[in-house]
Amino acid sequence: MRALRILLIVIVILGGIFVVVDRVAVNFAEGEAADRLKATENLASTPDVSINGFPFLTQLAGGTLDEVEVGIQDYEAGTGDGAERIRIADLRADMRGVDFSTDFSSAVADSATGTATLAYDDLLKTAGGAEPGRVAPGVTARIVGLSDGGNGKIKVELEATVLGAELPEPVAVLSSVTVVDGDTVRVKADAVPAFGGVEIVESSVRRVTDFEQRIDGLPGGIRLDKVEAAEDGVDITVKGSDVRLVG
């Protein structure tokens, strides 16, 4: 009986040691992966990396991690022209089935899903032109504000001038937002607004109210999936397969 108690105590102690060693190892691996990802993506700050699943050491021995969560703040994404960048305020991705090298110099996930937030102020830089656009004879307008319009819509506010006189209040229109070709956010007015009772041509107005923002160069080649207007900006769902985290 005493021998059994001793055996149980030994098992508990060894189990505790294994848990401690496992957690130390996973913390080290998370730090290494975060540093590699920062260098690969040329990030300004170190990303958050969490390796889920227990025990970690058995995953390490097998060369595949069940799940890795990555969080990046203020990611500078491409816009398709090679020069301009657009800020993604919060980018989070959940990677599944991550195959990695022993020194973490390369890591590829079978699949990835996540979210990205594009603030209205950053999207406005694309939508708001420096010069007002002509929407009718004697009428010009330009976008001066974007905000949450409710029910997944964007509220677009336009500053308009009619026959030389600026309207006292911005003209507002609700717009739908969609993803096009996995790399572009499209904003399109549900209906064109009126400008002081002046007769307008819809196509001319839409050249001002409707716009697109390309977003590419996301980590590992993940792409845009769905998009919806929210309180603080545009919430984007992202996804990908064979996503290369590093290497």
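Here are some notes:
- From the largest down, the chain spans 98, 38, 26 angstrom on the principal axes of its Cα atoms.
- Label zone at D110, where the point sits 7 Å out along the Cα-to-Cβ direction: region 218-244 residues whose backbone N lies under 14 Å: 241-243
- Considering only alpha-carbon pairs that sit under 8 angstrom and 6 or more positions apart, the relative contact order computed for the chain is 18 percent.
- Measuring r between the beta carbons of E166 and A191 and using R0 = 25 Å, the FRET efficiency lands at 0.65.
- Solution diffusion estimate, µm²/s, Stokes-Einstein, region 59-194, Kirkwood Rh from C-alpha pairs, 4 °C, viscosity 1.567 mPa s: 71
- With the charge dipole of region 105-171 set up from +1 on Lys and Arg Cβ and -1 on Asp and Glu Cβ about the Cα centre, the Cα lying farthest toward the positive end among the listed residues A116, V162, S106 is that of V162.
- Split the accessible area of the chain by element, probe 1.4 Å, and carbon with sulfur accounts for 52%.
- Here the dipole of the chain is about 540 debye; that uses its Cα centre as origin and unit charges on the Cβ of Lys and Arg (positive) and Asp and Glu (negative).
- Close amide H partners of G133, meaning residues 5 or more places away or on another chain with modelled amide H under 5 Å apart, are A141, R142.
- Compared with the alpha-carbon gap, the fully stretched path from E202 to D216 is longer by 2.0 nm at 0.36 nm per residue.
- Adding -39500 (n - 2.57) for every DSSP H run of four residues or longer, then dividing by how many residues the chain holds, sets the calculated 222 nm ellipticity at -8500 deg cm²/dmol.
- Dipole magnitude for region 180-247: computed about the Cα centre from +1 point charges on Lys and Arg Cβ and -1 point charges on Asp and Glu Cβ, it is near 240 debye.
- Around the Cα centre of region 109-166, unit charges on the Cβ atoms of Lys, Arg, Asp and Glu (plus for the first two, minus for the last two) sum to a dipole of about 200 debye.
- With the charge dipole of the chain set up from +1 on Lys and Arg Cβ and -1 on Asp and Glu Cβ about the Cα centre, the Cα lying farthest toward the positive end among the listed residues I222, A127, V49 is that of V49.
- Angle between the chain longest axis and helix 2-41 axis [Cα atoms, degrees, rounded to 10]: 30
- In the chain, a dipole from Cβ-located charges (positive for Lys and Arg, negative for Asp and Glu) runs towards its positive end, and of T64, A89, A136 it is T64 whose Cα lies farthest in that direction.
The values are calculated or read from the model by the stated rules, or taken from the named source; none is laboratory data. What you see is a predicted model, and the numbers here were worked out from it, not measured in a lab. Because the Cβ atoms are built from the backbone with ideal geometry, glycine has one as well, and the counts that use them run over all protein chains shown. Side chains are part of the model used for accessible areas, which takes the heavy atoms of the whole protein and leaves out ligands, DNA and RNA. Shrake-Rupley method; radii C 1.70, N 1.55, O 1.52, S 1.80 Å.
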